[in-house]
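The values are calculated or read from the model by the stated rules, or taken from the named source; none is laboratory data. Note that this is a predicted model, so its numbers are computed, not measured. For neighbour counting, all protein chains shown are included, and Cβ atoms are generated from backbone atoms with ideal geometry for every residue, glycine included.
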Amino acid sequence: MDFSEIKRMEELFYSNTFTRLPIALKRGDGMYLYDFDGNRYLDMFAGIAVNCLGHSHPAVLKALVEQSRKLLHVSNWFYTLPQLELAKLLVEITGMEKAFLTNSGSEAVEAAIKLARARTGRKEIIAMENAFHGRTLGALSLTWEKKYREPFKPLVPAMRFARYDDIDSLEDKINKNTAAVILEPVLGEAGVIIPGKDYLKAVRDLTLDRGVLLIVDEVQTGFGRTGELFAFQKSGIKPDILCLAKGLGSGFPVGAMLSSGIDFKPGEHGGTFIGNPLACEVAKAVVETIIRDELHINARKVGSYLKKELGDKGFEVRGEGLMIGVETEDGKRKVLELIERSVLTIHSSNTLRVLPPLIIEKKHADEFLQKL
């Protein structure tokens, strides 16, 4: 199919929601994606940190095929074993106590908002300046960027913002009405902003001292992206609520909200498709593969190599694991230039965001460096 025909189909039939890059993708294999003309592209952003196992990974395909022959969906009126096995696995690797499954990261944040308000009896939640937590109404109310928020006001009330990586700013904002503080260990959508190494620990100490819940949003940083299974583990803390998605399904839509010390009561939350057997089998296969193949360690090693090489070449670079930001004069232009060189990336303003699949090898890193 011709690209112009595909573009015309969107103009005619699809909601005018996305500003797309000028490429139509047909299939993927490992670290590479292919367009309708058969051109091959090195994938260096993995569907925004989603395709952690790359494309057409055998473990994902096997789980999809085998479970699709058994059960796709039966609703949460019944017990299903894949749901409970995934919940058990997530609890074990995070150190949390309970898992509630969702279809997306935004839904995980929505669940976190409801749980925090229900269990504390308080309504206010403090997020961080430059944070991104999603586009549903509650998650959007905790998202900083005005262009996302303004058309939909009034948003959910009692949401406030403190400065990121500034413990004094947060301490000034907490009051008797504060139910929870929510933060990302790394600000992804803002351009890979990394706080000081003691910041998460300071926030955890402050919230414990003030009797406020801590929600850690690891939708983008989770499942090995930063060089550990979860970024919060680097700080030696344990949140009250943990939000996960993206890499959990390596392309299949699934998320989770985990909690410790608090839980929903029957009937307080739910969803038709959440925790369906197909999503859970795929997610189990993804997590087990990450752990078995030590892909979080690979992220640490290849990420360190990329950052060193980029720094040596004169780029201003920052990042954790395979969550890397590279400063450019014009982020959008750089992304388009790289498409011409058969490399796919994304940008936040003038920061080129490098978020490749965790299966990346040194040869792929070298290919990216050479083309950049």
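Please go through the stretch 340-349 and pick out each residue that is buried (at least 16 other Cβ atoms within 10 Å of the Cβ) and not hydroxyl-bearing (Ser, Thr, Tyr).
Initially, the stretch 340-349 is screened for residues buried (at least 16 other Cβ atoms within 10 Å of the Cβ), giving 343-348.
Val343, Leu344, Ile346, His347, listed by residue number.
Of everything in the stretch 202-254 that is over 20 Å from Ile359 (Cα atoms) and among the basic types (Lys, Arg), the residue that is surrounded by the most Cβ atoms within 10 Å (Cβ to Cβ) is Arg204. When Gly38, Gly54, Gly30, Gly121 are checked against the criterion of being small (Gly, Ala, Ser) and under 19 Å from the mean Cα position of the chain (by Cα), Gly54 stands alone in meeting it.
Residue-by-condition table, conditions (1) exposed (fewer than 10 other Cβ atoms within 10 Å of the Cβ); (2) touching a Ser or Thr at 6+ places or on another chain (Cβ under 6 Å); (3) assigned by TED's automatic domain parsing to the domain that holds Ile359:
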site	(1), (2), (3)
Phe18	yes, no, yes
Asp35	no, no, yes
Ala46	no, no, yes
Cys52	no, yes, yes
Ser68	no, no, no
Ser75	no, no, no
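Failed condition for Phe161, given (1) out of contact with any helix residue (DSSP H, G or I) (no Cβ under 6 Å at 6 or more places or on another chain); (2) not in a strand (DSSP E or B), with all others met? Single failed check for Phe161: (2).
Conditions (1) at pLDDT below 95; (2) in a strand (DSSP E or B); (3) in contact with a Leu (Cβ under 8 Å, 6 or more places away or on another chain); (4) closer than 25 Å to Lys234 by Cα, marked per residue:
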residue	(1), (2), (3), (4)
Arg149	no, no, yes, no
Pro157	no, no, no, no
Lys176	no, no, no, no
Pro185	no, no, yes, yes
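When the stretch 170-196 is filtered for residues that are within 24 Å of the chain's Cα centre (by Cα), surrounded by fewer than 21 Cβ atoms within 10 Å (Cβ to Cβ) and of a type in the set (Val, Ile, Thr), the ones remaining, listed by number, are Ile193, Ile194.
Test of understanding: among Gly227, Gly222, Gly251, which residue is touching a Phe, Trp or Tyr at 6+ places or on another chain (Cβ under 8 Å), in contact (Cβ under 8 Å) with a residue 24 or more places away in the chain and in a loop (DSSP other than H, G, I, E, B)?
Numbers: Gly227 fails: touching a Phe, Trp or Tyr at 6+ places or on another chain (Cβ under 8 Å); Gly251 fails: touching a Phe, Trp or Tyr at 6+ places or on another chain (Cβ under 8 Å).
Checking each option against the conditions leaves just Gly222.
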